[in-house]
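Everything on this sheet refers to the single structure shown next.
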Amino acid sequence: MSRRILVSGASIAGNTAAWWLSRLGNDVTVVERAPEFRDGGQNVDVRDVGREVLRRMGLERTALERGTGEEGTTWVDADGEVVAEFSLEELGSDGPTAEMEILRGDLARLVYESAREHAAFRFGDRIERIDDDGERAIVTFAGGAIESYDLVVVAEGVGSKTRELMFPDENDPRWMNLTIAYFTIPHVPGDNRMWRWYNATGGRSLSLRPDNYGTTRANLAIQQAPNGEHKWDAERQKAYMRERFADAGWQSERILAGMESTHDFYFDVLRQVRMKRWSKGRVVLTGDAAWCATPLAGIGTTLAVTGAYVLAAELDRRDDVAAALSEYEAKMRPMVDDAQGVPKIAPRLMHPRSRLGIHLLHGVLGVASRPTVRNLAAKLFSGQTKSPDLSSYPQHP
């Protein structure tokens, strides 16, 4: 049954939803508030069921070819000496580094380029209002247009405005007590193909990751309770990071210097999106707008592509939209609940406050990286969760 569907957000989840919905015979439009497609972003990985979805789209091989080339994860001390290592070659996709490591923008663009062959994209606009009578959603856009849809799919980010418009006061976020800044800095001799992670006292960490553009991706993190830092402007956020990391050691001076001229500074205070329901009438949530599990879960992108696929497949199987949305939630809820089960103590354990705590962490990681136990230990980093059964869904449109 063909439906007229609006997808809000040209994200990985939104583009995947548009890809499947349009190829399954629906009239799909994607609206994105940014004036043009947004490239950039840091590393994401896709594992297990997520890769199966990309395989069914015919995009898995290209996604692997566009990967960052990261070869594993190491923890280093202040001198840059390795204290623990988890190599992709030895562990396969079960460690902190997956076989499919790709920049967020590269994966989103890959799906977008394929999705726009069948779906329409409208940049520089956004949803301002939705009037839903249970049969149709009448959407008023910020640009002034008013249009009618059989379904609106909200595939925006963790701070989704449309979610708050349609589900006011229903999001009970779970704050993970971790503040992170991501940005790109120049590559220098000595940067390798490993994700290097350094712990500093005071619950701080710095990391450097390779990319496929001749630059290096940096990350600064602080384990602390939130205090509204995500609402500050970028200059205040940068000043805050300069102050907090000035004495951190290792490559902190280089990273802070690179932060000043970076073109893609992104700052967030990690919180999970906790919704009791993902649909209301003719509006449905997917991706981070529905269930952001945070990067700590290690499965956000896998959830995004899987959820979009399950949503499209269930809509394709049923004439009754409400029944399709109910089944979509029933199929995805176990995987989401599992992914969101990251204990709040995890950021604290990985970001010790004292030198003794760092020494103990390094000792534990060193033992975990030994050949006799590393395969078991690596699975703790791999983000494996309960996955929906895809056997009855389309192998390809």
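The values are calculated or read from the model by the stated rules, or taken from the named source; none is laboratory data. Since the model is a prediction, treat every value here as computed from it, not as a measurement. Because the Cβ atoms are built from the backbone with ideal geometry, glycine has one as well, and the counts that use them run over all protein chains shown.
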Scanning the range 146-165 for residues that are more than 22 Å from the chain's Cα centre (by Cα) and surrounded by 22 or more Cβ atoms within 10 Å (Cβ to Cβ) gives Tyr149, Leu151
Being crowded, with 22+ Cβ neighbours inside 10 Å and within 22 Å of Ala13 (Cβ to Cβ) narrows it down to one residue among Gly287, Gly281; which is it? Gly287
Give me the pairs, please: first residue somewhere in the range 334-345 and surrounded by fewer than 20 Cβ atoms within 10 Å (Cβ to Cβ), second residue anywhere and assigned to a loop (DSSP other than H, G, I, E, B) and of a type in the set (Ser, Thr, Tyr), beta-carbon distance under 7 Å, and either six or more positions apart or on two chains. Asp338/Thr385
Could you list all residues from the range 27-56 that are without any contact (Cβ under 8 Å) to a residue 40 or more places away in the chain and farther than 23 Å from Ala339 by Cβ? Asp27
Identify the residue in the range 9-55 that is acidic (Asp, Glu) and in a helix (DSSP H, G or I) and, among all such residues, is surrounded by the fewest Cβ atoms within 10 Å (Cβ to Cβ). Asp48
Answer yes if at least one residue in the range 47-63 is over 27 Å from Asp389 (Cα atoms) and of a type in the set (S, T, N, Q), and no otherwise. no
Inspect the range 182-197 for any residue being of a type outside the set (Ser, Thr, Tyr), under 25 Å from Leu349 (Cβ atoms), in contact with a helix residue (DSSP H, G or I) (Cβ under 8 Å, 6 or more places away or on another chain) and not assigned by TED's automatic domain parsing to the domain that holds Ser22 and give the result as yes or no. no
Criterion violated by Arg271 - all others in (1) part of a helix (DSSP H, G or I); (2) more than 21 Å from Asn15 (Cα to Cα); (3) of a type outside the set (A, V, I, L, M, F, W, C) satisfied: (1)
Has the range 83-103 got at least one residue that is polar (S, T, N, Q), buried (at least 22 other Cβ atoms within 10 Å of the Cβ) and either in the same structural domain as Arg254 (by TED's automatic domain parsing) or part of a helix (DSSP H, G or I) (or both)? no
For the range 123-137, what are the residues that are part of a loop (DSSP other than H, G, I, E, B) and either under 27 Å from the mean Cα position of the chain (by Cα) or at pLDDT below 95 (or both)? Gly124, Asp125, Arg126, Asp133, Gly134, Glu135
So which residues in the range 261-272 are over 22 Å from Leu296 (Cβ atoms) and modelled with pLDDT of 95 or more? Thr262
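Quick grid of which residues meet (1) closer than 26 Å to Thr74 by Cα; (2) charged (D, E, K, R); (3) out of contact with any Ser or Thr (no Cβ under 6 Å at 6 or more places or on another chain):
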position: Ala155; (1), (2), (3): no, no, no
position: Ala181; (1), (2), (3): yes, no, yes
position: Gly190; (1), (2), (3): yes, no, yes
position: Met194; (1), (2), (3): yes, no, no
position: Asn199; (1), (2), (3): yes, no, no
position: Arg242; (1), (2), (3): yes, yes, yes
position: Ser261; (1), (2), (3): no, no, yes
position: Phe265; (1), (2), (3): yes, no, yes
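Residue-by-condition table, conditions (1) touching a strand residue (DSSP E or B) at 6+ places or on another chain (Cβ under 6 Å); (2) touching a residue at least 40 places away in the same chain (Cβ under 8 Å); (3) more than 24 Å from Ser2 (Cβ to Cβ); (4) not in a loop (DSSP other than H, G, I, E, B):
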{"residue": "Ala108", "(1), (2), (3), (4)": "no, yes, yes, yes"}
{"residue": "Glu113", "(1), (2), (3), (4)": "no, no, no, yes"}
{"residue": "Phe121", "(1), (2), (3), (4)": "yes, yes, no, yes"}
{"residue": "Val139", "(1), (2), (3), (4)": "yes, yes, no, yes"}
{"residue": "Glu147", "(1), (2), (3), (4)": "yes, yes, no, yes"}
{"residue": "Val153", "(1), (2), (3), (4)": "yes, yes, no, yes"}
{"residue": "Gly157", "(1), (2), (3), (4)": "no, yes, yes, no"}
{"residue": "Leu165", "(1), (2), (3), (4)": "no, no, yes, yes"}
{"residue": "Pro168", "(1), (2), (3), (4)": "no, no, yes, no"}
Among the residues of the range 22-68, count how many are modelled with pLDDT of 95 or more and on the phi > 0 side of the Ramachandran plot. 2
Go through (1) polar (S, T, N, Q); (2) part of a strand (DSSP E or B); (3) within 22 Å of the chain's Cα centre (by Cα) for Asn199 and report which single condition fails. (3)
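Each row is one residue, and each column tells you yes or no for (1) among the β-branched types (Val, Ile, Thr); (2) modelled with pLDDT under 95.
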{"site": "Val153", "(1), (2)": "yes, no"}
{"site": "Met166", "(1), (2)": "no, no"}
{"site": "His187", "(1), (2)": "no, no"}
{"site": "Gly190", "(1), (2)": "no, yes"}
